[in-house]
Amino acid sequence: MPSVRQIEATTDALLAWMSPDELLYFCMKSEVVNRLNLVKETMTSYHSLSLDVSDARVVFSLEGGKVREVIAKLAPIDTAINSLELGKIRRTRLSQVAAAIWLTEENRATIICFRSVEKYLRDLLLISCKKGSEVGVW
């Protein structure tokens, strides 16, 4: 189990700590049913709920030297190296959209949000990474 704000990775899956009573499990779409059944079997002695939320979420990947700056333009969080650490997930919002963000490398971020706001967030990200919009903090 990942510790607070951690993401545990294997070669074919990710398990992210979302809150004290919530984990988010990422795997290939073809593996969802098998993995979900495994989780349900493992948790039978606990009060738990396991759901496939694949169709309700969308994942964005950002890459480039200004990833922290792009996130800082939209999120009310400190994106400095000692605050937004590699491999730690952060629940926040990007503008008005609830999202989770983590850095997989110094120049690569992953963002997950509700599919219903995909276009809105994509447009915000495209505007925020547009050449000439740099703030110049990092």
Is region 4-11 home to any residue that is out of contact with any helix residue (DSSP H, G or I) (no Cβ under 6 Å at 6 or more places or on another chain), assigned by TED's automatic domain parsing to the domain that holds residue 104, part of a loop (DSSP other than H, G, I, E, B) and under 25 Å from residue 96 (Cβ atoms)? no
Among the candidates 68, 57, 90, 108, single out the residue that is surrounded by 14 or more Cβ atoms within 10 Å (Cβ to Cβ) and in contact with an Asp or Glu (Cβ under 6 Å, 6 or more places away or on another chain). 108
Could you check, for region 63-80, whether at least one of its residues is modelled with pLDDT of 95 or more, within 14 Å of the chain's Cα centre (by Cα) and within 21 Å of residue 17 (Cβ to Cβ)? yes
Take the residues in region 12-44 that are of a type in the set (Val, Ile, Thr) and modelled with pLDDT of 95 or more, then tell me which one is nearest to residue 99 (Cα to Cα). 32
Residue pairs, Cβ under 7 Å, 6 or more apart or interchain, first in region 81-108 and within 19 Å of residue 123 (Cβ to Cβ), second part of a strand (DSSP E or B) and of a type in the set (Gly, Ala, Ser). List them. 92/99; 93/99; 101/109
For residue 47, only one of the following conditions fails: (1) modelled with pLDDT under 95; (2) closer than 30 Å to residue 132 by Cβ; (3) of a type outside the set (Asp, Glu). What is its number? (2)
Please state which one of 126, 84, 51, 38 is assigned to a loop (DSSP other than H, G, I, E, B) and exposed (fewer than 15 other Cβ atoms within 10 Å of the Cβ). 51
Within the group 127, 71, 77, which residue is in contact (Cβ under 8 Å) with a residue 12 or more places away in the chain and farther than 18 Å from residue 4 by Cα? 71
What do you reckon, is residue 101 over 20 Å from residue 9 (Cβ atoms) and either surrounded by fewer than 17 Cβ atoms within 10 Å (Cβ to Cβ) or not assigned by TED's automatic domain parsing to the domain that holds residue 36 (or both)? no
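The values are calculated or read from the model by the stated rules, or taken from the named source; none is laboratory data. What you see is a predicted model, and the numbers here were worked out from it, not measured in a lab. Note: ideal-geometry Cβ built from the backbone for every residue, glycine included; neighbour counts use all protein chains shown.
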